[in-house]
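The values are calculated or read from the model by the stated rules, or taken from the named source; none is laboratory data. Because the structure is predicted, anything quoted here is derived from the model rather than measured. Counting neighbours? That spans all protein chains shown, and the Cβs are built from the backbone with ideal geometry, glycine included.
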Amino acid sequence: MKKHWLIKSEPDVFSFDQLWKVKKRTTPWDGVRNYQARNFLRDEMRVGDGILYYHSSCTPPGIAGLAEVASAAYPDPTQFDVEDPHHDPKSERSDPRWFAVDVRAVEKLPRFVTLDELRGRESLASLRVLQRGNRLSITPVTASEWRTVRSMGGL
DNA sequence: GCCAACGTTGGC
DNA sequence: GCCAACGTTGGC
């Protein structure tokens, strides 16, 4: 059973358009350093799962496009790289603490769906990204929420 | 830049 | 195990 997710990215760091332009429209989703997000990533994400690509810390925040999980989870290489800002000295190669998956852009939404629009939909009231204080960078989305956002985006 | 919310750390 | 201190996130 295909699952759906929402992942956050700051467009200044890595926008949906940038993902669209890289080779195979695919990039490692690494640097996740939150245990709850790590567990989703490692234990629940499957190749082919749908992803809402959310732009945060920008004006306006919102959903820019659709992506998909393009690999199984694998140990995040940045945790072992001393040069990398996400280096984790406490993580052992024999027992990696952090994981990554590859993410592939699938469809750019004809219309960017702003956070305000998402808030305006009764049927999206339980979307995690709308809850106050929500900081998780990877959250599950129901199939019906997925369809709603997709159609709001003009697909 | 502000600040509320939240996760993590570490002393006890 | 408690909890204060601290760092980060992210909308505004």
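For segment A:21-62, filtered to residues that are assigned to a helix (DSSP H, G or I) and more than 16 Å from DNA strand B (Cβ to nearest atom), the residue that is surrounded by the most Cβ atoms within 10 Å (Cβ to Cβ) is A:R25. A:V103 falls short on exactly one of the conditions (1) more than 15 Å from A:F14 (Cβ to Cβ); (2) touching a strand residue (DSSP E or B) at 6+ places or on another chain (Cβ under 7 Å); (3) β-branched (V, I, T), and that condition is (1).
Yes/no per residue for (1) acidic (D, E); (2) more than 26 Å from A:G133 (Cβ to Cβ); (3) out of contact with any Gly (no Cβ under 7 Å at 6 or more places or on another chain):
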residue: A:F16; (1), (2), (3): no, no, no
residue: A:V22; (1), (2), (3): no, yes, yes
residue: A:T26; (1), (2), (3): no, yes, yes
residue: A:W29; (1), (2), (3): no, no, yes
residue: A:D43; (1), (2), (3): yes, no, yes
residue: A:Y53; (1), (2), (3): no, no, no
residue: A:C58; (1), (2), (3): no, no, yes
residue: A:G62; (1), (2), (3): no, no, yes
residue: A:A70; (1), (2), (3): no, yes, yes
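Of all residues in segment A:63-104, those satisfying the criterion of being surrounded by fewer than 18 Cβ atoms within 10 Å (Cβ to Cβ), not in a loop (DSSP other than H, G, I, E, B) and not charged (D, E, K, R) are A:Y74, A:P75, A:P77, A:F80. Identify the residue in segment A:33-92 that is among the acidic types (D, E) and within 16 Å of DNA strand C (Cβ to nearest atom) and, among all such residues, is modelled with the lowest pLDDT. Per the criteria, the residue is A:D84. Considering each of A:V129, A:V113 in turn, give the residue that is more than 21 Å from A:N34 (Cβ to Cβ), touching a strand residue (DSSP E or B) at 6+ places or on another chain (Cβ under 7 Å) and either within 16 Å of DNA strand C (Cβ to nearest atom) or at pLDDT below 95 (or both). Selected residue: A:V113, the only one of A:V129, A:V113 that is more than 21 Å from A:N34 (Cβ to Cβ), touching a strand residue (DSSP E or B) at 6+ places or on another chain (Cβ under 7 Å) and either within 16 Å of DNA strand C (Cβ to nearest atom) or at pLDDT below 95 (or both).
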